[in-house]
1. Among the residues of the stretch 184-211, which ones are of a type in the set (S, T, N, Q), closer than 23 Å to Pro153 by Cβ and without any contact (Cβ under 8 Å) to a residue 60 or more places away in the chain?
2. For Leu162, indicate whether it is surrounded by 14 or more Cβ atoms within 10 Å (Cβ to Cβ), part of a helix (DSSP H, G or I) and either in contact with a Leu (Cβ under 8 Å, 6 or more places away or on another chain) or at pLDDT 95 or above (or both).
3. Every residue in the stretch 165-198 that is polar (S, T, N, Q) and either surrounded by 15 or more Cβ atoms within 10 Å (Cβ to Cβ) or within 16 Å of the chain's Cα centre (by Cα) (or both), please.
4. Among residues belonging to the stretch 103-112 that are under 18 Å from the mean Cα position of the chain (by Cα) and either among the charged types (D, E, K, R) or part of a helix (DSSP H, G or I) (or both), point out the one that is surrounded by the most Cβ atoms within 10 Å (Cβ to Cβ).
5. So in the stretch 233-264, with the set limited to residues that are closer than 16 Å to Leu17 by Cα and without any contact (Cβ under 8 Å) to a residue 24 or more places away in the chain, which one is surrounded by the fewest Cβ atoms within 10 Å (Cβ to Cβ)?
6. Of everything in the stretch 1-27 that's among the hydroxyl-bearing types (Ser, Thr, Tyr) and assigned to a loop (DSSP other than H, G, I, E, B), which residue is surrounded by the fewest Cβ atoms within 10 Å (Cβ to Cβ)?
7. Tell me whether the stretch 140-161 contains one or more residues that are among the charged types (D, E, K, R), touching a Pro at 6+ places or on another chain (Cβ under 6 Å) and under 24 Å from Leu184 (Cα atoms).
8. Do we find a residue being part of a helix (DSSP H, G or I), among the hydrophobic types (A, V, I, L, M, F, W, C) and touching a residue at least 40 places away in the same chain (Cβ under 8 Å) anywhere in the stretch 168-179?
Amino acid sequence: MLSYRHAFHAGNHADVLKHLVLTQVLLHMASKDKPYTLIDTHAGAGGYSLEGRYAQKKAEYKHGIARLLGRHDLPRPLRDYVAWVQQFNGGGNLEQYPGSPGFAQMLLRPQDRLRLFELHPTDHRILHAYLGKRPDTQVTQADGFAALKGELPPPSRRGVVLIDPSYEIKSDYGRTVGALREALTRFAQGVVIVWYPQLLMLESRQLPKRLQATADRLATKGWLHVRMTVQASDERGFGLLGSGLFVVNPPHVLHNSLRGVMQYLVDVLGQYDGANYLLEQRAQ
């Protein structure tokens, strides 16, 4: 949706969970010499000012990444994630937050391919200025859902697809399921990461089961589902309760990595007594 700007939400609890999972997947992909391709269907601007008017409107990062800074008891995956955020800030104060392309820039190797899609003209312009000159990188102003089929399978037959639309329009839920089906039909062994918001609306509650049904039919290495609930809805039933990620063909190490950090994340980022997490996996 062209009105959506992720800068309002940069660094919030959902970004923490999403980028924790993404960085763990990318680290695993880089553990083998063979190159891989990362495809980001809704790439955003690549990085966001936390001092600008968008981020300051609700200052969501104060209940996300800011709660992890300066802590000396971080489990290793979170310690690495925080270190990359600090690296993005040049080692100084928390002024910027990297989007998924920002983490990719720090973690991809020179031989790895990067394909970024973003519809919003301003965010695309910023993203292109940031990463457009990186070798073997394409930054395209296009609908990532529609562009996905032209990118799969990647030349090296190793790849990660990140699908994280805003879900501001209900059709995004159905298109996300369709994109997962398209990705696995063309590239059954690829790693596909789907982010979703945890809302009380029916589409949000049903999405994990729809993704699971698709993965059960088409994936070669099963799936992993992680969800973190950090706050209660308001009196009208509105609000972002938390978020989740559905990872198809997950790295074999991902479950253990997350099992060691999720309770810690809930304890630090939870905003009410009922804060909790779910971590489940099915191997094919």
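The values are calculated or read from the model by the stated rules, or taken from the named source; none is laboratory data. Note that the coordinates shown come from a computational prediction; the quantities given were computed from them, not determined experimentally. Cβ: placed from backbone, ideal geometry, glycine included. Neighbour counts: every protein chain shown.
1. Passing the criteria: only Thr185.
2. So Leu162 fails the test.
3. Within the stretch 165-198, Ser166, Thr176, Gln198 qualify.
4. The residue in question is Ala104.
5. Asn256
6. The selected residue is Ser3.
7. Scanning the stretch 140-161, I find no residue that is among the charged types (D, E, K, R), touching a Pro at 6+ places or on another chain (Cβ under 6 Å) and under 24 Å from Leu184 (Cα atoms), so the answer is no.
8. Looking for residues that are part of a helix (DSSP H, G or I), among the hydrophobic types (A, V, I, L, M, F, W, C) and touching a residue at least 40 places away in the same chain (Cβ under 8 Å), one finds at least one in the stretch 168-179, hence yes.
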